[in-house]
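Any read-out appearing in this document is the output of simple, stated calculations on the displayed coordinates, not a laboratory observation. Because the structure is predicted, anything quoted here is derived from the model rather than measured. Glycine also receives a Cβ, built like all others from the backbone with ideal geometry; neighbour counts cover every protein chain displayed.
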Amino acid sequence: MRLIAPGASPPAEVNKYLLPHERQVITVRRHPAVLEGPITLTVAGLIIAAVLSGTVLRHQSSAMAVVWIIWGVLLVRLLWKIAGWAVEYFVITSQRMILTSGVLTRKVAMMPLVKVTDMSFRRSLLGRLQGYGEFVLESAGQDQALRTVEFIPYPEQLYLEVCALIFPGKDTGGD
């Protein structure tokens, strides 16, 4: 089974990080709620810049230019965050968990499924309302590259899928 977020297809760039014997089981982007902070800041900056330009700074062109340059920086920051979100994927294969990220500098963090000793997920009130959670992974006394994965969509469903991979059921067929 391959679980992919609605409207998304598995990225071809993820395939280059897979071993020949691995198969993708789950591929999701982080929840779009990760962009709420930058969007809110940019919209608030736009409103403030518009109000200041229409009232206080109406006759001060240099001060107005500074305000709009600051807003432009906020807009560029938002666009950068969107680009980062668009290339970031959480992939669970038959062998490991992989988090790929980075627009210019590509980062790939991974943890083999056999090394996961404990896994839980957390959901804040806002996360429950919007449909995201955070995975917390632990490995026996080791520092790992992949410890937490925030803004995971469908956390209960993904949690069950991952647990089924980490702790496969025993065959109880008759003798």
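A helix-only calculation puts the chain at -12500 deg cm²/dmol for mean residue ellipticity at 222 nm, using -39500 (n - 2.57) for each DSSP H run of at least four residues, averaged over all residues.
Hydropathy at least 0.5 by Kyte-Doolittle, axial extent at least 24 angstrom from the Cα trace: which helices of the chain, defined as entire DSSP H runs, fit?
Details: long enough: 36-54 (27 Å, 1.59); 61-87 (39 Å, 1.64).
Correct list, ordered by number: 36-54, 61-87.
Measuring between their Cα centroids, the range 9-32 and the range 56-97 lie 26 Å from each other.
Projecting the Cα atoms of F167, V114, V149 onto the charge dipole of the chain, computed from C-beta unit charges around the Cα centre, puts V149 farthest toward the positive end.
Here volume of the Cα convex hull per residue in Å³ was computed from the coordinates, and among (i) 129; (ii) 169; (iii) 159 the match is (ii). Placing unit charges on the Cβ atoms only, positive for Lys and Arg and negative for Asp and Glu, gives the chain a dipole magnitude near 540 debye about its Cα centre.
What do the square roots of 5 times the Cα gyration tensor eigenvalues come to for the range 36-82, in whole Å, largest first, as semi-axes of the equivalent ellipsoid? Walk me through the numbers on the way to the answer.
On the way: eigenvalues 99, 23, 4 Å².
Three semi-axes, in Å: 22, 11, 4.
Taking amide H as placed 1.01 Å from N in the peptide plane, L146 has its amide H under 5 Å from the amide H of M110, each at least 5 places away in sequence or on another chain. Note on L19/E150: beta-carbon distance plugged into 1/(1 + (r/R0)^6) with R0 of 25 Å gives a FRET efficiency of 0.45.
Relative contact order for the range 45-175 using alpha-carbon pairs under 8 Å, separation at least 6, rounded to a whole percent? Each step should come with its number before you reach the end.
On the way: 146 pairs, mean separation 18.6, N = 131.
RCO, the range 45-175: 14 percent.
Taking trypsin sites (Lys or Arg not before Pro) across the range 23-52, the ones in a DSSP loop with at most 12 further Cβ atoms lying within 10 angstrom of their Cβ are R23.
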